[in-house]
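The values are calculated or read from the model by the stated rules, or taken from the named source; none is laboratory data. All figures in this text were calculated on a predicted structure; none of them were measured in a lab. Positions of Cβ are generated from backbone atoms using ideal geometry, with glycine treated the same way; all protein chains shown enter the neighbour counts.
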Amino acid sequence: MTRIVLYTGKGGVGKTSIAAATALLCSERGLRTMILSTDIAHSLSDAFEVPLGPEPTELTLNLWGQQPDVYYNIERYWRIIQTYVSDLFSWHGLDEVMAEEMTVLPGMDELGNLLWIADHVDGGDYDVIVVDAAPTGETLRLLSMPEASRWWVERIAPIGKRVSRLGGPILQKVIGIPVPQEEVFLAAERLLGRLDHLHRLLDDPDRTSVRIVLALEKLSIAEAHRSFTYFHLFGYPSDLVIANRVFPADTQGYFGHLREIQQRYLPEVEEEFGPVPVRTVPFFDREMVGFDKLREVGQALFGDDDPSKVYYRGRPYQVQRSNGTYLLTLELPFTSRDEVKLTRHSDELILQVGSWRRTLILPRVLVDAPTRGARMEEQTLKVEFEARARAGRGGKR
Ligand SMILES: Nc1ncnc2c1ncn2[C@@H]1O[C@H](COP(=O)(O)OP(=O)(O)O)[C@@H](O)[C@H]1O
Ligand SMILES: [Mg+2]
């Protein structure tokens, strides 16, 4: 099974260097490795000091690299949909060039890059895919889109397709807006299908690890907290936190004070992110580019350990039964009870944390069970459901 190891973190913390180092180590230990940049600001090629293109390029034995091209991606997945949306806009009176511009949805380009992961898994040419992802905020937002799209695929797409097949031209006359042709629905369905596939790959703990790179400083740690909460909320398996550019013990003078600050943060970070392990990479006194330097980074981080192994296995949400109630538990680090909003909608439990919203499809046993309440306990959200007597046994329904 192809492993996926994805690195994210604030801009400048060392994602690209660490992703490249991980990939190099994997390849040197005999794994066929793909290093894929999904950050729009590609810098993999600079890290390796080797040119990379939109298609996989062989870098060395067992190692391939790729920096996908935005226009190529759009052509591949969005063209038909975009044409329709652009028709719609220009029908609204928007100038054609403007309409074309408007249809390049924010994030579309990076999402197209992420879709390559699924292609490479399906292609089966690699043992491990290492992803140099975009800074946290972006990646997060994009990663949650597949979950929303599943909803779309299941509910809207089939209706839409039928409507356009039966009544497209008539509807167009009656309601007066261009009704998308069937091919638009097919393209949308294909795209959403791919996103859904990607989502299933990325939330599979046997396959994927999402790793957070941070610097031992306030803002970087704060952003790492947010990502960590998010990964838990959406079930993206997070197995390792990497504190990069840690000043070594013999740091003195000018940087000595910074080292002290870092050393104060380190135990806090270990405590807060635990049980997910935290590893450190020293602040090297040279530019860490090129194969030899990247190997050094990799060695410092992994030593003799396998960079592609799963370093920690958390649990997605769980449902347990205990005297008369069902308890749904979900770890939500760095979250307080008032930040969590819960909405119940038959078989769905909608969890909102800040501006993030996740729809959990409830297991069958909970579909008819009334919700009793929810609380936060030790970084864990606990939602209680009434375990009703089954119809026909207790008599009452
Ligand atoms: N541990 C380290 N020691 C020294 N320099 C580093 C280290 N990690 C990264 N760098 C350097 O810091 C710069 C930014 O790193 P990069 O990996 O491009 O960050 P990001 O991808 O998160 O923006 C690069 O010049 C890189 O060579
Ligand atoms: Mg980078």
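Table for the structure above
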quantity	calculated
Condition met for P267 (surrounded by fewer than 18 Cβ atoms within 10 Å (Cβ to Cβ) and either in contact (Cβ under 8 Å) with a residue 24 or more places away in the chain or within 9 Å of ligand 1 (Cβ to nearest atom) (or both))	no
Given (1) modelled with pLDDT of 90 or more; (2) of a type outside the set (D, E); (3) more than 30 Å from R29 (Cβ to Cβ), number of the condition G303 does not satisfy	(3)
Any chance R313 is of a type in the set (K, R) and part of a strand (DSSP E or B)	no
Test: residue in the stretch 190-206 that is at pLDDT 95 or above, surrounded by 14 or more Cβ atoms within 10 Å (Cβ to Cβ) and in contact with a strand residue (DSSP E or B) (Cβ under 8 Å, 6 or more places away or on another chain)	no
Residue check, Y311 surrounded by 12 or more Cβ atoms within 10 Å (Cβ to Cβ), touching a residue at least 40 places away in the same chain (Cβ under 8 Å) and within 23 Å of P237 (Cα to Cα)	yes
Test result for R76, more than 15 Å from ligand 2 (Cβ to nearest atom) and modelled with pLDDT of 80 or more	no
Residue list for the stretch 16-60, restricted to those being polar (S, T, N, Q) and either in contact (Cβ under 8 Å) with a residue 60 or more places away in the chain or within 10 Å of ligand 1 (Cβ to nearest atom) (or both)	T16, S17, T22, T33, S37, T38, S43, T60
Scope the stretch 51-71; condition surrounded by 14 or more Cβ atoms within 10 Å (Cβ to Cβ) and either under 16 Å from T33 (Cα atoms) or not assigned by TED's automatic domain parsing to the domain that holds G112 (or both); matching residues	L52, P56, T57, L59, T60, N62, L63, W64, G65, Q66, Q67
Residues that are of a type outside the set (D, E), surrounded by fewer than 24 Cβ atoms within 10 Å (Cβ to Cβ), away from ligand 2 (no atom under 16 Å from the Cβ) and assigned to a strand (DSSP E or B), drawn from the stretch 230-246	L240, V246
Within the stretch 185-229, tally of residues that are in a helix (DSSP H, G or I) and within 14 Å of the chain's Cα centre (by Cα)	13
